Every structure is written in C-alpha cells, then in structure tokens.
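Here's the structure we're looking at; comments come further down.
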Amino acid sequence: MHLKSALLSLSLALPLTSAYHLAVTDQNSKTVRVFPRDAETWNKDAIYWSFKCDYDPWPWQKDIWGDLSEVKIRKTADRGLVALVATSGGMVGMVDIKSGQKSTTLRDVVWEAFAGDNPHSLERIPYLGAFVAASSDPGKLTLYVPTDGANNLDRIKRTYRYDVPKAHGVLWHKDNLWAIGEDYLYKYDVVGKGEDMQLKQVGKRIDLPVVKDKKGKKRARNGHDLSASYKYDDILLLTHTAEAYTYNTTSGEFESLKMGEKLKSLVQHSSGEYAWVRGVEKNHEMGQYVRFSDEKAAGKETTKRGWPNADFYKARIFDPGYE
Ligand SMILES: *[C@@H]1O[C@H](CO)[C@@H](O)[C@H](O)[C@H]1NC(C)=O
C-alpha cells in the first residue's frame, strides 16, 4: 500500500468527532442558517439549509414574525426532520425540512400560532402531536393540542396556559417536559391525550443555583437556555444570567461549568464538544460568534465561527437528538 492511500484510509477510519452541523438564529439577517461545524468560514457557500423569516405584509402586522429567538431540530413520524422556531414578535411555528430543498421561507411553515408575550422557545411533544411555547413576558407556557389525531396540523387548538415567570426555554427530554424561567427549572408530566391533554408539574419547582458578586450580593438568575446534552442521556444544559450548568436529571444535581455570564445558548455534541453563544456587544445582547470548547475544558475556546454583523441568539445541533 502506498503511504498516501494508507494515510487516506487511516483518516477515514478515524471517528469524525466534529463532523456535525449547527443551526443558528440570526436576528440581523432574519434567518435560521445551518452550517457544517467544520466549514472554514460560515459564508453563503457554506450554508447547508436556511429558513428566511421575513414577513412584511401590512405595517401593523410587520413584526409578528420578527426577531428569531430559537430554533430546534426535531423528527416527526410523517414528515421527517422539522425545525421549530420561536420569534419574539409573537409567532411560533414548525418548518418542514424537505430533503433537497436548501432554502425555505415562511411558505414552508406547516404549523404556526401566535403565542404572543415574547416567545423564546417552542417544543413538540412526540407522538401526541402537541406543541408547547414558552413566552417570557411576563412568563407562561402555552399548550397547543390536536383535536383530530396527532398528525392533523390544521386542527390544533390552544388550550391551557401555565405560569412560568420569564419563561425562556422549553424542552422535551425522556418522557418529561422541562421549562426554565426566572430563578427556577420546572418539570412536567404530560397527561391525557388530544383535547384532554394537560401538563402536570412534577414535584416542586427546582431552584437554580445562586451566584454571588464580589460584595456577596446574589446575582440575578434569569434562565436563558435549556438544552439536552447529546453525549449524556441524563444531562440537561442550562444557563442563567450569571453562569452555565449541567443538571443531572437522575440525581437532581447541578454542576457549574464555570463558563461565566450571559450565555444565550449552550449545547453539547455527542463527542463532548460544547458550542455556545454569548451576548457580548455593548449595544445589543446578541452574539457574533458560536464558540467551541472541548468537554474537559468547558469555555476554553478552541475555535469559533460566525461573522462580524451577526446577531446570533441560539445555536443548535442539527440533529433531532431524541426518539
Ligand atoms: C447522574 O447521576 C446518576 C446518579 O447519581 C449517576 O449514576 C450518573 O452517572 C450521573 N450522570 C452523569 C453523566 O454524570
């Protein structure tokens, strides 16, 4: 065997630990864009999939799809991959990710609702065809349930609202729904089906860890993000105003990742790598780069991707991560 082909087969045999894609919400370009983690630069040529969230019909309706706050990639039985998006303007929706169609627009939204009150996150309850939106101002979860079978998206209606002050994240994880808001993490069971479906809080709401400033004063704990580790089954990742944590759903223990303040999003790939967005700029709270670190040194940046005038809010691994 030639040296060159020996090297080639060697490199092919190595696990491609960082060969994954990330979906970022950029409020400046009003898009969700998916890029290969390994692309040298995240430019137009590197876009793997995109969703343009631009809506401009009448002046008074203009902003209802404004300010993309979150995207999540999920898998549904009858459509395959979908993207769940939430916008601060009020709308939340599900976008069909059809294979072969690289760019999508609001026309590709297959389910939508006006959740209002500054939506920050949307989740789907698998197999039951329901959706839950988290709105931050003043804070609630809104449950949308199917009235005619789990897959009939035309017959979904809003039912209950649940108070979660400053709700910023909602996540389906191993048979439970989780939500994060001001000071607390919440766990729910989903009970009933169809129109009878409800969320039932499991136990007491869970206190987020406290961080004190130099004068010993407690810092704010406004929950920013909630995601599931793609490496460890029982680990959730969450961030609040002052710090980032792992939360072990089995032991109920938090562990500080010591990554510091203002993390707008945090995810962990199955290789252990972390990717995050920090709100840093003086004039606005968005990030211009997704930053990466090894698992062993959380927060110690190994590389970054983005562009100077991006307004990133969240970055998500382009993989449904559950089922
Ligand atoms: C979570 O906690 C359980 C129970 O203490 C433990 O067995 C498990 O290893 C923990 N998970 C991780 C990823 O540390």
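Summary of computed values
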read-out: Residue among PRO165, LEU177, PHE254 farthest towards the positive dipole end of region 19-317, charges placed on Cβ; value: PHE254
read-out: Calculated from backbone phi, Karplus (6.51, -1.76, 1.60) coupling profile of region 26-34 in Hz, x at Gly/Pro; value: 10, 6, 6, 8, 6, 9, 9, 10, 10
read-out: Flagged links, alpha-carbon separation over 25 Å, of LYS30/LYS212; LYS102/LYS193; LYS72/LYS262; value: LYS30/LYS212; LYS102/LYS193
read-out: LYS212-ASP63 FRET efficiency (beta carbon distance; Förster radius 41 Å; 0.05 resolution); value: 0.60
read-out: Sum of -39500 (n - 2.57) over DSSP H runs of 4+, divided by residues of the chain (222 nm, nearest 500); value: -1000 deg cm²/dmol
read-out: Fully extended contour minus Cα-Cα distance, from ALA46 to LYS174, at 0.36 nm per residue; value: 42.7 nm
read-out: Long-range amide H partners of THR76 with built H, under 5 Å; value: LEU81, VAL82
read-out: Amide H partners (placed H, <5 Å) of TRP42, local residues excluded; value: GLY306
read-out: Karplus-derived 3J(HN,Hα), 6.51/-1.76/1.60, for each residue of region 194-210, Hz, glycine and proline x; value: x, 5, 8, 4, 8, 9, 10, 5, 9, x, 7, 4, 9, 5, 6, x, 9
read-out: Taking the chain and dividing mean pair separation by its residue count, relative contact order in percent (alpha carbons under 8 Å, at least six apart); value: 13
read-out: Sequence-separation-based contact order of region 214-318, relative, with Cα cut under 8 Å and 6+ spacing, percent; value: 19
read-out: Shape of the chain, Cα gyration tensor, a/c cut at 1.5; value: rounded
read-out: Sequence ranges 42-54, 260-272, ranked by mean other-Cβ count within 10 angstrom, highest first; value: 260-272, 42-54
read-out: Projected label distance in nm at ARG161 and THR303, using a 7 Å step from Cα toward the beta-carbon; value: 4.6
read-out: Potential extension, VAL202-ASP137 segment - 0.36 nm per residue separation minus Cα distance; value: 21.0 nm
read-out: Most to least packed among 75-87, 209-221 [average Cβ atoms within 10 Å]; value: 75-87, 209-221
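Each reported figure results from applying straightforward, stated rules to the coordinates on display, with no laboratory input. Keep in mind the model is a prediction, meaning the values are calculated, not measured. No Cβ is skipped: glycine too gets one built from the backbone with ideal geometry, and neighbour counts run over all protein chains shown.
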